[in-house]
Amino acid sequence: MTSLSKNIAVLISGGGTNLQAIIDNTENNYINGKIKIVISNREDAYGLVRAKNAGIPAFCIKDDEKLLSKLKDYNIDLIILAGYLKILPEKIINIYENKIINIHPSLIPAFCGRGYYGLKVHEAVIKKGVKYTGATTHFVNEGADEGPIIMQKIVEVEGENPEELQEKVLKIEHEILPLSVKYFCEDKLKLVDGKVVIGG
Ligand code: GRF
């Protein structure tokens, strides 16, 4: 049975390369969903320009109540946090339980939680000297980067500087985020004992 196309909201704070990956993969129908809105908490986020270029309604919203009413206005089924640097309030997390997907640029539970964002993640990875890092998609709960893990992919750390490592990790983010969203939109992500099982 094919599932109905899902209404997606993408929340961003910055450049929006992950947003672009979702735009591309909804436009080519790899994902059975439509981005209804893009919301940034920063007006200078380049992702807002990407959204407008793709003809998607895009807003800068800083207030959480306004954010919630916008999500309701657009009948949103799935919220994607694609580099959204603000913590979502518990109220929104509860309303959209297991309907919010975040992408994090490390192998959770390493190098995650409060303070680990942007380049700081990759700097910490290099400082520690781990040999592999990666990216993780997960459902969002009230803990920082603590919700059920959907998908992970690794890359080898091979003497890059933080910016180079960020680029390397972004490439795999652009693979696992669209794939996770694709599975969500096909109702293939099931929670069993608090863990995500990808099913047919
Ligand atoms: C990505 O590394 C993502 O994992 C993190 O913030 C960054 C956003 O990059 N949460 P972009 O705005 O999608 O280019």
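Computed from the coordinates by the stated procedures, all read-outs in this text should not be read as laboratory data. Just so you know, these numbers come straight off a predicted model, no measurement behind them. With ideal geometry, Cβ positions are generated from the backbone for all residues, glycine too; neighbour counts draw on all protein chains shown.
Worth pointing out:
- The slack in the chain from residue 130 to residue 191, taken as 0.36 nm per residue of separation less the alpha-carbon distance, amounts to 18.9 nm.
- Antiparallel %, DSSP beta bridges [both residues in the chain], to 5: 45 percent
- With 32 Å as the limit, the listed pairs 36/91; 91/131; 86/182; 168/195; 66/128; 36/131 have 91/131; 66/128; 36/131 beyond it between alpha carbons.
- Of the GluC sites (Glu not before Pro) found in region 1-108, those in coil by DSSP whose Cβ has at most 10 other Cβ atoms within 10 Å are 43.
- DSSP-defined antiparallel bridges as percent of all bridges, region 31-141, nearest 5: 40 percent
- Each residue of region 140-152 is assigned a 3J(HN,Hα), and the resulting list reads 9, 10, 6, x, 6, 6, 10, x, x, 6, 9, 8, 9 Hz, derived from the Karplus form 6.51 cos²θ - 1.76 cosθ + 1.60 (θ = phi - 60°), x at Gly and Pro.
- Loop trypsin sites (Lys or Arg not before Pro), region 1-51, which have at most 16 other Cβ atoms in a 10 Å radius of their Cβ (DSSP): 42
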